[in-house]
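Report on the structure given below.
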Amino acid sequence: MQSAVAALLALLVDVAPRLARITGFIAVGVFAANVAVAFGLVRCVAGVAGRLTRPANLPDEVGTAILTTAASTTAGYATLAEYRESGLLDDRATLVAVTINTFFGFVQHVFTFYIPVLIPILGVTTGVAYVSARAGIALLITVTGVVAGGLFVSAENVDRSALADVDATGPDADERVARDRVRSAAGRSWRTLRRIVPRLAVVYTAVVWLVTTHDVAALTGVAEPVTGALGLPGAAVPVIAVYTLDTTAGAVTLAGTETGTFTVRTAVASLLIGGILSFAVSTFRRSIPFQYGIWGAAFGTKVIAVNTGLKLVFISAAVALLLASA
């Protein structure tokens with residue numbers, strides 16, 4: 001009993017400095033990101049959204065919904081739903097607009113999750129490479145939407161006379177003074193940290209315990225034929241498995257592996273594969289309730305199919321490209 005307690009204390013002493021360092025980076029990053037969002041950084045990034053609607057044969061007003069998505073995914077989708085319900089966009093034009101939305105929905109997560117949370121966990125080199133890969137995939141999906149609109153959307157899919165019945169003013173300007181914006185950013189940051197840090201502490205401690213008390217190579221050796229064929233280390237198996245269930249925990253699992261186990265290429269490929277598998281979980285956990293709530297079951301299913309299908313295609317292509325570049 002005493003030896004077990006001593007081992008636990010030794011583990012906590014080993015984990016605490018590293019966990020404190022990661023938590024510090026996350027706290028600073030999350031606060032800085034929320035301040036940037038409060039002062040309109042996302043709006044500036046999304047300012048180019050309206051320029052994508054004309055090549056896609058969509059009204060300029062659809063750019064408003066895209067801008068709104070960069071600030072709030074729910075508000076952006078709700079705006080598009082209003083356009084569809086009013087008759088401004090038919091189903092085909094709406095699906096094109098949803099596809100174009102992809103990159104700008106991703107932008108929001110870059111500032112609120114990927115930069116302040118994921119990069120500190122993965123390290124700058126691997127973190128930036130992974131976020132860049134995800135950004136590139138999202139951008140390609142958006143470009144696919146623009147091309148699809150140019151080819152398959154025409155005046156028959158858009159009823160501009162319905163604009164008279166649609167509120168296309170976009171998100172309201174933020175009239176709060178600087179102090180209130182910073183205070184709001186601090187509150188949002190605290191809520192984020194309160195949600196992430198306890199889970200991070202548990203997962204990180206568990207990973208360090210597993211690595212220090214077990215032969216990880218032996219535990220993952222059963223999957224070696226599969227991972228070896230893909231050019232991935234055996235340690236990719238637990239990373240992919242955990243990432244499938246929880247993005248942050250998966251990143252922590254990868255960060256906890258022995259130095260040199262992963263190259264940047266194999267680390268990014270492993271996380272992307274975890275992302276592919278996680279769609280099954282996220283679809284039932286988040287996509288179905290959200291999309292059905294916005295669109296209803298029939299059209300919501302179409303939106304989920306298009307979103308998931310395009311992500312699977314482009315992420316799979318990115319993984320294949322990474323593995324082929326060995």
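Condition first: buried (at least 23 other Cβ atoms within 10 Å of the Cβ) and either outside any helix (DSSP H, G or I) or aliphatic (A, V, I, L, M) (or both). Now tell me which residues in the range 234-261 satisfy that.
Quick first cut of the range 234-261, residues buried (at least 23 other Cβ atoms within 10 Å of the Cβ) only: 235-236, 239-240, 243, 250-254, 256.
Across the range 234-261, the qualifying residues are Ala235, Ala236, Val239, Ile240, Ala251, Val252, Leu254, Gly256.
Where in the range 132-230 are the helices (runs of 4 or more DSSP H), entirely inside, with at least 3 residues that are modelled with pLDDT of 75 or more?
Filter on the range 132-230 gives 178-213.
For the range 262-300, how many residues meet the condition of being surrounded by fewer than 14 Cβ atoms within 10 Å (Cβ to Cβ) and in contact (Cβ under 8 Å) with a residue 60 or more places away in the chain?
0
Being more than 17 Å from Gly149 (Cα to Cα) and either touching a residue at least 60 places away in the same chain (Cβ under 8 Å) or part of a helix (DSSP H, G or I) (or both) narrows it down to one residue among Ala97, Ala56, Ala93, Ala81; which is it?
On the way: Ala97 fails: more than 17 Å from Gly149 (Cα to Cα); Ala56 fails: more than 17 Å from Gly149 (Cα to Cα); Ala93 fails: more than 17 Å from Gly149 (Cα to Cα).
Result: Ala81 is the single residue among Ala97, Ala56, Ala93, Ala81 that is more than 17 Å from Gly149 (Cα to Cα) and either touching a residue at least 60 places away in the same chain (Cβ under 8 Å) or part of a helix (DSSP H, G or I) (or both).
Which condition number in (1) farther than 30 Å from Leu254 by Cα; (2) crowded, with 20+ Cβ neighbours inside 10 Å; (3) at pLDDT below 90 is the one that Ala97 fails?
If we test Ala97 against (1) farther than 30 Å from Leu254 by Cα; (2) crowded, with 20+ Cβ neighbours inside 10 Å; (3) at pLDDT below 90, just (3) comes out false.
Just checking, how many residues over the range 59-78 are out of contact with any Ser or Thr (no Cβ under 7 Å at 6 or more places or on another chain), outside any helix (DSSP H, G or I) and without any contact (Cβ under 8 Å) to a residue 60 or more places away in the chain?
Within the range 59-78, residues that are out of contact with any Ser or Thr (no Cβ under 7 Å at 6 or more places or on another chain), outside any helix (DSSP H, G or I) and without any contact (Cβ under 8 Å) to a residue 60 or more places away in the chain number 0.
Please work out if Gly76 is modelled with pLDDT of 70 or more and over 18 Å from Val146 (Cβ atoms).
No; evaluated as a whole, the condition is false for this residue.
Cβ contacts < 7 Å: first residue farther than 13 Å from Gly136 by Cα, restricted to the range 301-326; second residue among the small types (Gly, Ala, Ser) and part of a helix (DSSP H, G or I), any location; separation 6+ or different chain. Result?
Filtered contacts from the range 301-326: Ile304/Ser287; Leu322/Ala269; Leu323/Ala269.
The values are calculated or read from the model by the stated rules, or taken from the named source; none is laboratory data. None of the values given here were measured: they were computed from a predicted structure. Reconstructed Cβ throughout: ideal geometry from the backbone, glycine too, with neighbour counts over all protein chains shown.
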